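Colleague: This is the structure I want to talk about, given as structure tokens.
The values are calculated or read from the model by the stated rules, or taken from the named source; none is laboratory data. Predicted, not measured: the structure shown is a model, and the values here were computed from it. Cβ sites come from the backbone with ideal geometry, for glycine too, and all protein chains shown count toward neighbours. Remember, those area values only see protein heavy atoms, side chains included, never the ligands or the DNA or RNA. Shrake-Rupley method; radii C 1.70, N 1.55, O 1.52, S 1.80 Å.
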Amino acid sequence: MESRVNYFGNALAGKVMKHFNSANKVVADSTLPVTTQELVKIRASQINGCGFCTDMHTKDAIAAGETQQRLNLVAAWREAKVFTDAERAALEIAEQGTRIADAAGGVSDEVWEKAAKHFDEDELAALISLIALINAYNRINVINQQPAGDYRPGMFG
């Protein structure tokens, strides 16, 4: 499989990604737990069918100490006992935030209230931003048919 555009070698794409990556750095440096960030990125990427991001974020999560069992269960998090209540709230808001077109009204008040019980305002802002960013990254990679499987943790910085 070949990507449609050499997105990582294209000057215009590089300028766009510079801004995306700067925004992502702000989120990464926030107080939103790194584990929660990776779980959210993995779940949104699974929903969007983004192999490149699913590969990247599962490998990054493993490199950060995440267990294989938890990674295996991200797609079935509702039935899994291995996630904290805070992680479950983040995964639920990530799903509704990713499936906006499928959910009349977007993220429900009930889901928002669950997340607000576990995260302060800065962490909620980081979570919203993270969901928006991973969905944007997913769309770039899916539209471009970016091949998956070759990512190595840390290769982008």
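Colleague: I'd like to know if the stretch 57-65 contains one or more residues that are under 29 Å from Met155 (Cα atoms), not charged (D, E, K, R) and not in a helix (DSSP H, G or I).
Modeller: Within the stretch 57-65, one or more residues are under 29 Å from Met155 (Cα atoms), not charged (D, E, K, R) and not in a helix (DSSP H, G or I).
Colleague: Then there's this: So which residues in the stretch 140-157 are outside any loop (DSSP other than H, G, I, E, B) and of a type in the set (A, V, I, L, M, F, W, C)?
Modeller: Answer for the stretch 140-157, where residues must be outside any loop (DSSP other than H, G, I, E, B) and of a type in the set (A, V, I, L, M, F, W, C): Ile140, Val142, Ile143.
Colleague: Follow-up. For Leu130, indicate whether it is surrounded by 18 or more Cβ atoms within 10 Å (Cβ to Cβ) and under 18 Å from the mean Cα position of the chain (by Cα).
Modeller: Taking the combined requirement at face value, the residue satisfies it.
Colleague: I'd like the residue in the stretch 1-49 that is among the small types (Gly, Ala, Ser) and part of a loop (DSSP other than H, G, I, E, B) and, out of all such residues, is nearest to Ala76 (Cα to Cα).
Modeller: By that ranking, first place goes to Gly49.
Colleague: Among the residues of the stretch 114-157, write down those that are within 17 Å of Ile93 (Cα to Cα) and among the β-branched types (Val, Ile, Thr).
Modeller: Residues satisfying the conditions are Ile128, Ile131, Ile134.
Colleague: Pull up the stretch 94-115, narrow it to residues that are small (Gly, Ala, Ser) and open to solvent by less than 50 Å² (accessible area, probe 1.4 Å), then point me to the one that is nearest to the chain's Cα centre (by Cα).
Modeller: Per the criteria, the residue is Ala94.
Colleague: Another question, then. Evaluate the following for Lys59: is it more than 12 Å from the chain's Cα centre (by Cα), under 19 Å from Ile140 (Cα atoms) and open to solvent by 40 Å² or more (accessible area, probe 1.4 Å)?
Modeller: In short, no.
Colleague: Next up: Restricting attention to the stretch 67-75, does a residue exist that is under 26 Å from Lys114 (Cα atoms), open to solvent by 70 Å² or more (accessible area, probe 1.4 Å) and in contact (Cβ under 8 Å) with a residue 12 or more places away in the chain?
Modeller: Within the stretch 67-75, one or more residues are under 26 Å from Lys114 (Cα atoms), open to solvent by 70 Å² or more (accessible area, probe 1.4 Å) and in contact (Cβ under 8 Å) with a residue 12 or more places away in the chain.
Colleague: Please pick out the residue among Ser22, Ser30, Ser45 that is hydroxyl-bearing (Ser, Thr, Tyr) and open to solvent by less than 20 Å² (accessible area, probe 1.4 Å).
Modeller: Ser45
Colleague: Pairs needed: first member in the stretch 99-114, modelled with pLDDT under 90; second member anywhere, outside any loop (DSSP other than H, G, I, E, B); C-beta distance under 7 Å; at least 6 residues apart or different chains.
Modeller: As it stands, the answer is Ala103/Gln96; Gly106/Gln96; Gly106/Ile100, since those pairs meet every condition given.
Colleague: Here is a follow-up. Could you tell me whether Gly154 is surrounded by fewer than 14 Cβ atoms within 10 Å (Cβ to Cβ) and in contact (Cβ under 8 Å) with a residue 24 or more places away in the chain?
Modeller: yes
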